[in-house]
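First up is the structure itself, then whatever we jot down about it.
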Amino acid sequence: MKNLALSKTHEALGGKMVDYAGFYMPVQYEGVKVEHKAVREAVGVFDVSHMGEIFISGKEASIFLQYITSNDVKKLTPGSIQYSCLPNLENGIVDDILVYMLAEELYLLVVNASNLDKDYKWLSDNNSFDCLIENKSSEYSLLAVQGPDTIELLSKLTNENLEEIKYYNFIKGNLSEIDDVIISRTGYTGEFGFELYVKNNDAIKLWNSLFSTSVTIKPIGLAARDTLRLEKGFCLYGNDINDKTSPLEANLGWITKLNTNFINSDNLQKQKVEGLNKLLVGFEVLDKGVARNGYNILDLNNNHIGNVTSGTMSPTLNKAIGMAYINIAFLNSGKRDFLVQVRNKKILARLISLPFVK
């Protein structure tokens, strides 16, 4: 396992440490419900320094990114960000990523830790353009400060006008007397918040400064990060999307701009015209029990119609929720109720629109 710059800090705070994507990380501190509530109602900080940072630079950087990613890179301007994906040649997804336009001819890709090596190889193997690909993941730490009290907290640590930073935009500024912090109006909780990129040697200073103000902030682990993102219907790579799931099937058509001529766009266009076989949908469990990744889904006549991709007990709603790929024939039938096979029993569930928490 790789240690993060803050691994010992998490241990000292009583964090329950686990191996996550090869990194030594805190899964929880006080408990999932407490940490989840802190982000929904106040403010919490996640150490997500395991995420990868890959820089793309050069005269044809934008042309390369237009070819390798599914979104429309031409719409980016310096200081803006896109959620996007790296499509493969089999209608699947290499990874879902963020694309930062740092400057003309300079971009930052933020990728999932578990996919870092795969992503870097995919980018390199498909680079026939005049641009440079640099993996600088080992140099950076990333803290996500999320929750309605985020502005109140961060405003005590910076003179930057954070109110002016729009969603999916960023600035480089001074925060906690650290220069050149990437202050990004992003996050994967569905709450107001920022993600803060600093060099590793500034990570402890930044973390400590977040806990030095009069605003109460809690450290948040990976478990609450998962319940928070699922309540908002956000995809998790490895669960809801992977090398074999189409971005169209995953309801990611909004980041799949089929008029931009990217890798495999022709086949995805064909899939769109011919129609999908399955679709990622949300559901709530009506019986007692929790649906988990991989569980089979049956119609009320016990015919197999899909599989659960993510499931949890929602701390906000106090009921079991999940996402699943279900075949189009069932979805088009107008039926809403189905069964989830939970070990040796079947529990009743019902389709529900996403996000679960508005």
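The values are calculated or read from the model by the stated rules, or taken from the named source; none is laboratory data. Computed from a prediction, not measured in an experiment: that's the story for all the values here. Glycine gets a Cβ as well: all are built from the backbone with ideal geometry, and neighbour counts include every protein chain shown.
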Within the group Tyr197, Tyr188, Tyr167, which residue is modelled with pLDDT of 95 or more and not in a loop (DSSP other than H, G, I, E, B)?
-> Tyr197
If we keep just the residues of region 298-346 that are assigned to a helix (DSSP H, G or I) and aliphatic (A, V, I, L, M), which is surrounded by the fewest Cβ atoms within 10 Å (Cβ to Cβ)?
-> Ala329
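Residue-wise test of (1) touching a residue at least 40 places away in the same chain (Cβ under 8 Å); (2) under 26 Å from Leu143 (Cα atoms).
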residue	(1), (2)
Gly79	yes, yes
Cys85	yes, yes
Asn88	yes, no
Ile97	no, yes
Tyr100	yes, yes
State yes or no: is Gly233 part of a loop (DSSP other than H, G, I, E, B) and closer than 19 Å to Ala42 by Cβ?
-> no
So which residues in region 29-74 are at positive phi and in contact (Cβ under 8 Å) with a residue 12 or more places away in the chain, if there are any at all?
-> Gly58
Asn267: outside any helix (DSSP H, G or I) and surrounded by fewer than 20 Cβ atoms within 10 Å (Cβ to Cβ), yes or no?
-> no
Working carefully through the options Ser124, Ser114, Ser128, Ser141, find the one that is among the small types (Gly, Ala, Ser) and part of a strand (DSSP E or B).
-> Ser141
Members of region 66-90 found to be of a type in the set (A, V, I, L, M, F, W, C) and assigned to a strand (DSSP E or B), listed by number | Ile81, Cys85, Leu86
Can you find a residue in region 164-178 that is in contact with a Leu (Cβ under 6 Å, 6 or more places away or on another chain) and closer than 27 Å to Arg40 by Cα?
-> yes
Among the numbered conditions (1) hydroxyl-bearing (Ser, Thr, Tyr); (2) farther than 28 Å from Glu139 by Cβ; (3) in a loop (DSSP other than H, G, I, E, B), tell me where Thr227 comes up short.
-> (3)
Does region 270-292 hold any residues that are in contact with a Ser or Thr (Cβ under 8 Å, 6 or more places away or on another chain) and not in a strand (DSSP E or B), and which are they?
-> Gln271, Leu276, Val290
Are any of the residues in region 91-109 part of a loop (DSSP other than H, G, I, E, B) and of a type in the set (Ser, Thr, Tyr)?
-> no
Any residue at all in region 274-295 that is on the phi < 0 side of the Ramachandran plot, more than 28 Å from the chain's Cα centre (by Cα) and either surrounded by 13 or more Cβ atoms within 10 Å (Cβ to Cβ) or of a type in the set (Gly, Ala, Ser) (or both)?
-> yes
Residue selected from region 35-66 under the condition under 22 Å from Leu236 (Cβ atoms) and of a type in the set (Val, Ile, Thr), by the criterion surrounded by the most Cβ atoms within 10 Å (Cβ to Cβ) = Val39
Going through region 1-49 one residue at a time, which ones are within 24 Å of Thr186 (Cβ to Cβ) and in a loop (DSSP other than H, G, I, E, B)?
-> Leu4, Ala5, Leu6, Gly15, Ala21, Gly22, Tyr29, Ala42, Val43, Val48, Ser49
Out of the residues in region 208-257 that are aromatic (Phe, Trp, Tyr) and surrounded by fewer than 17 Cβ atoms within 10 Å (Cβ to Cβ), state the one that is nearest to the chain's Cα centre (by Cα).
-> Trp254
Region 141-156, subset out of contact with any Gly (no Cβ under 7 Å at 6 or more places or on another chain), hydrophobic (A, V, I, L, M, F, W, C) and under 23 Å from Asn3 (Cα atoms), residue surrounded by the most Cβ atoms within 10 Å (Cβ to Cβ) | Leu142
Matching residues in region 105-139 - criterion: being more than 22 Å from Tyr237 (Cα to Cα) and without any contact (Cβ under 8 Å) to a residue 40 or more places away in the chain | Ser128
